[in-house]
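Here's the structure, in structure tokens; my notes come after.
The values are calculated or read from the model by the stated rules, or taken from the named source; none is laboratory data. Model, not experiment: these values are computed from the prediction. Heads up, the Cβs are rebuilt from the backbone with ideal geometry, glycines too, and the neighbour counts pull from every protein chain shown. For the accessible areas, the whole protein counts, side chains as well, though only heavy atoms, and no ligand, DNA or RNA atoms are used. Shrake-Rupley method; radii C 1.70, N 1.55, O 1.52, S 1.80 Å.
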Amino acid sequence: MMRQVLLSFLIANTYAASGNITFGNYYDSNCTDMFALAELDTSLACSGGCYTDRKNASFCDSGSNFTCLADRVEYTQHIGVENCSGGMFDRSVTVHTSCMAGRSHQGTIYNKLVDYTGQC
């Protein structure tokens, strides 16, 4: 059974989104058991929002400084805030077109870009 929660990353700006990336978060290393789907607008200086995690807790997150490459997207993740300012901490994140292990406040998860064309 696929357990999926849509991460509603609210755009931290009112302009129309033109550079969206979408990535899935998964329980397994084959990226088949998705629990969340996230979308960020890379055309904005900051894109983020709040969501309910797999433990049913509310959590905010945001991203900035996006670099889009052929097989991955690199960005700065701002933990605990939806506006890229004053979060718990910031870290560099890379999301690939292939399934890769990642860190989260929930422990080790796996993520992968969905329908990514190599451009933002």
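Below are the figures for this structure:
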read-out	value
Conditions (1) touching a Ser or Thr at 6+ places or on another chain (Cβ under 9 Å); (2) within 14 Å of VAL114 (Cβ to Cβ); (3) at pLDDT 80 or above; number of the one not met by LEU7	(3)
Residue among CYS99, CYS60 that is touching a Phe, Trp or Tyr at 6+ places or on another chain (Cβ under 6 Å) and either more than 17 Å from GLY19 (Cα to Cα) or small (Gly, Ala, Ser) (or both)	CYS99
Residue list for region 18-60, restricted to those being within 22 Å of SER98 (Cβ to Cβ) and among the charged types (D, E, K, R)	ASP28, ASP33, GLU39
Pairs with Cβ under 8 Å, 6+ apart, first in region 41-53 and farther than 18 Å from GLY24 by Cβ, second part of a strand (DSSP E or B) and open to solvent by 20 Å² or more (accessible area, probe 1.4 Å)	CYS50/SER58; CYS50/PHE59; CYS50/CYS60
Selection count, region 85-120, where residues are open to solvent by 30 Å² or more (accessible area, probe 1.4 Å), in contact with a Cys (Cβ under 8 Å, 6 or more places away or on another chain) and either on the phi > 0 side of the Ramachandran plot or in a strand (DSSP E or B) (or both)	2
Every residue from region 89-111 that is more than 15 Å from LEU69 (Cβ to Cβ), modelled with pLDDT of 85 or more and either out of contact with any strand residue (DSSP E or B) (no Cβ under 8 Å at 6 or more places or on another chain) or not β-branched (Val, Ile, Thr) (or both)	PHE89, ASP90, ARG91, CYS99, ALA101, GLY102, TYR110, ASN111
In region 47-80, residue nearest to VAL114 (Cα to Cα) [restricted to those that are hydrophobic (A, V, I, L, M, F, W, C) and open to solvent by less than 20 Å² (accessible area, probe 1.4 Å)]	VAL73
